[in-house]
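First comes the structure, then the notes that go with it.
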Amino acid sequence: MANSVNAGNSARSQTFDVVIVGGGPAGSTLAALVAQQGHRVLVLEKEFFPRYQIGESLLPSTVHGVCRLTGVADDLAAAGFTRKRGGTFRWGATPEPWTFSFSVSERLSGPTSYAYQVERSKFDEILLRHAGRSGAQVREGCAVADVIADAERVRGVRYTDADGVEREAYGTYVVDASGNRSRLFQRVGGERKYSEFFRSLALFGYFEGGKRLPEPNSGNILSVAFDSGWFWYIPLSPTLTSVGAVVRREMADKIQGDRERALLALVAECPLIAEYLSGARRITSGPYGELRVRKDYSYHQTTFTRPGMMLIGDAACFVDPVFSSGVHLATYSALLAARSINSALAGLVDETAALREFEARYRREYGVFYEFLLSFYEMHHSEQSYFWQAKKVTHHKRSEIEAFVDLVGGVSSGEAALSEADAMTDRLRAGSAEFAGAVDQLAHSEDGSMLPLFKSAVVGQVTREGSQVQMRALLGADAEPETPLVPGGLVSSPDGMFWLPAGSG
């Protein structure tokens, strides 16, 4: 039962089991997974959906894992989103593009060897409406001002509804899923730390009529490195393309002033992107008509929880988007949070242990992407480029080819002490040069074999945590029994909805 301190009978206050701030992928996923267990869930979303949002490229673990567990996967399949089978990169010292396919991984092969490129306005609304159908109360146009807390824990939030009326909502748990712009995360304690390496800015817009990669890779994201940074090129439909240039902060002058002129200048620096946009026109009206800038792509909060409150999605952390990990981290963290809340409310595990498990697993997932990207960026060796500073690689236990695809497919998690990531970089410098050499071999291979790439050490230290999400969604109780991720930790239940003590069945 939710704590009812001061909740009383006021018409302007209500009591729930969980109050979620933010209705994006993290908040909607959490709302569905908790409401489906019969708990009272309130979602407070500041905007009215559909609304614009960046971050259009998904990973298989989101589509076939988390979204299958919530029950929204069939809705996504019916939406007609572009399928992506992997990724294509013009990256490193070689001038030739190279492609990886999700299907080379046993964990992702067969019916789960694809993900989607999505228009986030459509994707996010599908998830939010599904949360409502799952039993959550969804209130749009509601701006949360602050949390309500006492010396023991967070008890609720104060917010202004769509009619301008100030209200209070109380709950056993308050979850901040309001993204990178909210300041509510500050109420959990700690501080937000930005990566000194990934201090970057992106300038991006949308085009009609751009070229596509040859089949069967026409739905792939195309990522292209150039001296000032890198471009993403995401085919959202047969004709609509999201295009963005990511540059390091020291080159901020390249995107200042006239944004149209700045983007055209960056495109001119990158011949492959210029070729793909040669017959395209930039959209200049509607939700896609604005050229936008986003900065500080990688950060983490030093703590994700306090009694009665949790941070999920971008409210907790975000990492550079080159491998499309944003929605993956958002939905994965929501699943972890749902397990913790469901377990604590059901009395299956102690709240402290449940929150500790959530934070440990989320930090590990963030950390493995962070570490991998540090290495990936060093493949470009020009000291005038954005990429030369990366110094870190990861280790692996699985075959290299599977480990790499598992990682970029979002179905892996690895040992990574987030607070130690920068301090450990000097020890692991050599692997990036090895990776760059492997990519060079791949680009010049007559048979297109990816084996040299995946034999490199950079494809990293990964474990089975993320893949178990997908396997549990597909197999349920028939999935392999889980072992704790950390000594003394918890394991997920057969249906993936709770934490249980190890060995409890």
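The values are calculated or read from the model by the stated rules, or taken from the named source; none is laboratory data. In this text the structure is predicted, and so the values were computed from the model without any measurement. For neighbour counting, all protein chains shown are included, and Cβ atoms are generated from backbone atoms with ideal geometry for every residue, glycine included. Heavy atoms of the whole protein, side chains included, go into the accessibility calculation; ligands, DNA and RNA do not. Shrake-Rupley method; radii C 1.70, N 1.55, O 1.52, S 1.80 Å.
Could you count how many residues in the range 488-505 are among the aromatic types (Phe, Trp, Tyr) and either without any contact (Cβ under 8 Å) to a residue 60 or more places away in the chain or in a strand (DSSP E or B) (or both)?
To start, the set of residues in the range 488-505 that are among the aromatic types (Phe, Trp, Tyr) comprises 498-499.
Next, only the ones that are either without any contact (Cβ under 8 Å) to a residue 60 or more places away in the chain or in a strand (DSSP E or B) (or both) stay: 499.
Qualifying residue count for the region: 1.
Which of the residues spanning the range 36-88 are open to solvent by less than 20 Å² (accessible area, probe 1.4 Å), in a helix (DSSP H, G or I) and either aliphatic (A, V, I, L, M) or within 30 Å of Glu290 (Cβ to Cβ) (or both)?
Thr62, Val63, Val66, Cys67, Ala73, Leu76 - these are the residues of the range 36-88 that are open to solvent by less than 20 Å² (accessible area, probe 1.4 Å), in a helix (DSSP H, G or I) and either aliphatic (A, V, I, L, M) or within 30 Å of Glu290 (Cβ to Cβ) (or both).
Under 6 Å between Cβ atoms, which residue pairs at least 6 apart in sequence (or on different chains) link something in the range 269-291 that is more than 25 Å from Ala225 (Cβ to Cβ) and in a loop (DSSP other than H, G, I, E, B) with a partner that is among the aromatic types (Phe, Trp, Tyr) and open to solvent by less than 40 Å² (accessible area, probe 1.4 Å)?
Ile283/Tyr206
Kindly list the number of the only condition in (1) modelled with pLDDT of 95 or more; (2) open to solvent by less than 10 Å² (accessible area, probe 1.4 Å); (3) under 26 Å from Thr70 (Cβ atoms) that fails for Thr305.
Here Thr305 clears every test but (2).
When you go through (1) buried (at least 18 other Cβ atoms within 10 Å of the Cβ); (2) closer than 16 Å to Thr82 by Cα; (3) modelled with pLDDT of 95 or more one by one for Tyr288, which number turns out not to apply?
(2)
Among the residues in the range 208-231, are any touching a helix residue (DSSP H, G or I) at 6+ places or on another chain (Cβ under 9 Å), closer than 30 Å to Val21 by Cα, open to solvent by less than 30 Å² (accessible area, probe 1.4 Å) and at pLDDT 95 or above?
no
Of the residues in the range 243-268, how many are out of contact with any strand residue (DSSP E or B) (no Cβ under 7 Å at 6 or more places or on another chain), in contact (Cβ under 8 Å) with a residue 12 or more places away in the chain and open to solvent by 40 Å² or more (accessible area, probe 1.4 Å)?
Residues meeting the conditions: 1.
Kindly evaluate Arg167 against the criterion of being farther than 23 Å from Glu56 by Cα, of a type in the set (D, E, K, R) and more than 28 Å from the chain's Cα centre (by Cα). Break it down stepwise before answering.
Values: farther than 23 Å from Glu56 by Cα: yes; of a type in the set (D, E, K, R): yes; more than 28 Å from the chain's Cα centre (by Cα): yes.
Criteria met by Arg167.
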